[in-house]
Amino acid sequence: MAYIGKPPTLSRLSASPQKLGATADRYGPIFTVRLGENPTLVVSSWELAKELFTINDQAVSSRPPFTAAKYLSYNFAMFAFAPQGDVVADLKQWFVGLTLNAILRTVAGKRYYGSAVGDNDKIKAQQWQKAVRKFFKYLGIFVVRDALPFLGWLDVGGHEKAIRRTAKEIDSILEEWLEERKRKRLLGEVDQAEQDFMDVMLSVLQGTDLAGYDADTVNKATSLVSLIPSSV
């Protein structure tokens, strides 16, 4: 059984962080305890946790078959609560694609998933999702410049360079979509009844004081906020 964090079950069993810490001091950074009939793995080392959720992520991706999840998720038909496997993986991929399609059509008039989508658009979709995964990865990274600005030029670990590269990748895609919307507006190819989010923003932001930001930057940043949740 795998848990992320400290579940309420352990709290009810009086397994405080101090007690678990004392157990780790005695038995090491990885050990098992029993929650009733369920053997439960406890890890107190960030190195081991990293290995679990990278190299061995499939082994810890399933959720325990709790009673509440059984009845509230149609007997684990909701893939967020279903046991891991090929079917669940396929369902997740389909759901992510469907959701991203819906949001992309709303935000930028794009469609990147489905049988009618060309190979170039599929490649674009992969590039976008890869860039968004890196977006979340780097948001959680601490860089030297954050604490010691005068040492920022060292870029220990090369994180700042990687962050800038990821920002450029995301901006390149958003810029391409935005320029396409602008071209269609100039050519009169935009149906007022079928405007997407970027179209609306182009109209709304025109001539607006944006606290020092140009209209295109605000359009891309706001579109990114709308797209991020459906892209992972």
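Things worth noting here:
- The residues Lys137, Lys220, when put in order of fewest to most other Cβ atoms within 10 Å, stand as Lys137, Lys220.
- Applying 1/(1 + (r/R0)^6) with r as the Cβ-Cβ distance of Asp57 and Val200 and R0 = 41 angstrom yields a FRET efficiency of 0.55.
- Per principal axis, descending, Cα span of the chain in whole Å: 71, 54, 33
- Between Thr208 and Gln129, the distance separating the two model label sites (each 7 Å from Cα on the Cα→Cβ line) works out to 3.2 nm.
- Taking a Cβ cut-off of under 14 Å around Glu194, the surrounding Lys, Arg, Asp and Glu residues balance to a net charge of +2, with basic ones at +1 and acidic ones at -1.
- Dipole in debye (nearest 20) - the range 86-230, about Cα centre, beta carbon charges: Lys, Arg +1; Asp, Glu -1: 400
- Our analysis of the range 178-222 gives Rg over Rh at 0.98, with the two radii drawn from alpha carbon positions and Rh computed by the Kirkwood formula.
- Environment charge at Thr166 (Cβ cut-off 15 Å; Lys +1, Arg +1, Asp -1, Glu -1): +4
- Proxy reagent accessibility, fewest Cβ within 10 Å first, across Tyr138, Tyr112, Tyr27: Tyr27, Tyr138, Tyr112
- Residues with amide H under 5 Å from that of Leu35, placed H, sequence gap 5 or more: Thr40
- Between Arg183 and Ala147, the simple label model (points 7 Å from Cα in the Cβ direction) yields a spacing of 4.8 nm.
Bear in mind that the values in this text are calculations on the coordinates, not laboratory data. A quick note: this is a predicted structure, and the numbers were derived from the prediction, not measured. Cβ coordinates were reconstructed from backbone atoms using ideal geometry, including for glycine residues, and neighbour counts include every protein chain displayed.
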